[in-house]
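Trainee: Supplied in structure tokens, the structure appears directly below.
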Amino acid sequence: MKNIHETETCEYCDGTVQTVLDVVPFNSKAVHSLYVPGVRQFKCSKCSNVLIPLTEMDKITKYVKEKEQQAIDRLPIGDFVSLNEAAEILGVSKQAFNKNSRIKRGFIYSTIKDGRTFYYRKSVEEFKRTGKDGRISLMVSSSEIRRAQILPFVSKRPGNTIASHKYTASAQKLISVPDKFLDLQMTHKHKKYVVCC
């Protein structure tokens, strides 16, 4: 955490409020826990009360949307459907699909390939099931991956490098993740998650 300057006395205690740059945790339906770096905050040195200015919300929103879109863009294109197919799954016309305000705001995951928009089939199906929200988790826990035998987890020591593998620490244990899986990895409630493509 980097202190920028001291400002005033905390309204809850007699501590000093400082303006700091720090990370902000954020929960996303798509990629679970994210930590947005470099967010300006007002933090009390005594009670640790934190206030985030509204001006920083655009930065937080932009960062989260970028990480979510990176995860969506790395899904196999075979898991996506065209506008026609998505509208057919929902039982609406293409025009009604395009005019739906929730779909426009990203409640169905989409990606653009060769100038055409494609929609993630599971997201479309979830939107149909709920009637309002197709945002689903794109994360797969390491235990689920191990059970499915999709990804071999190998213990390694820090500093070891082998072509086509990345090593990341989680709960005092290092695991090997092949490059064909996403760079987006994180720990959530002491479990390691990797977005699977």
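The values are calculated or read from the model by the stated rules, or taken from the named source; none is laboratory data. What you are looking at is a predicted structure, and each value in this text was computed from that prediction instead of being measured. Here the Cβ is made from the backbone with ideal geometry for all residues, glycine too, and neighbour counts use every protein chain on show.
Trainee: Could you run through region 100-136 and say how many residues are outside any strand (DSSP E or B), surrounded by 14 or more Cβ atoms within 10 Å (Cβ to Cβ) and among the polar types (S, T, N, Q)?
Mentor: Going through region 100-136 one residue at a time, the tally reaches 2.
Trainee: Additional query: Residues of region 81-113 being closer than 18 Å to K29 by Cβ, touching a strand residue (DSSP E or B) at 6+ places or on another chain (Cβ under 6 Å) and not β-branched (V, I, T), which ones?
Mentor: If the condition is that a residue be closer than 18 Å to K29 by Cβ, touching a strand residue (DSSP E or B) at 6+ places or on another chain (Cβ under 6 Å) and not β-branched (V, I, T), then Y109, S110 are the ones that fit.
Trainee: When only residues in region 114-144 that are among the aliphatic types (A, V, I, L, M) and in contact with a strand residue (DSSP E or B) (Cβ under 7 Å, 6 or more places away or on another chain) count, which is modelled with the highest pLDDT?
Mentor: At the first step, the residues of region 114-144 found to be among the aliphatic types (A, V, I, L, M) are 124, 136, 138-140.
Next cut, in contact with a strand residue (DSSP E or B) (Cβ under 7 Å, 6 or more places away or on another chain) only: 124, 138-140.
Working: V124: 96, L138: 88, M139: 79, V140: 65.
Looking at the filtered set, the residue picked out is V124.
Trainee: Can you give me the ranges of the strands (runs of 3 or more DSSP E) entirely in region 1-98 with at least 1 residues that are closer than 23 Å to Y119 by Cβ? Talk me through it step by step, then tell me what you get.
Mentor: Values: elements: 2-9, 16-28, 32-44.
By residue number, 16-28, 32-44.
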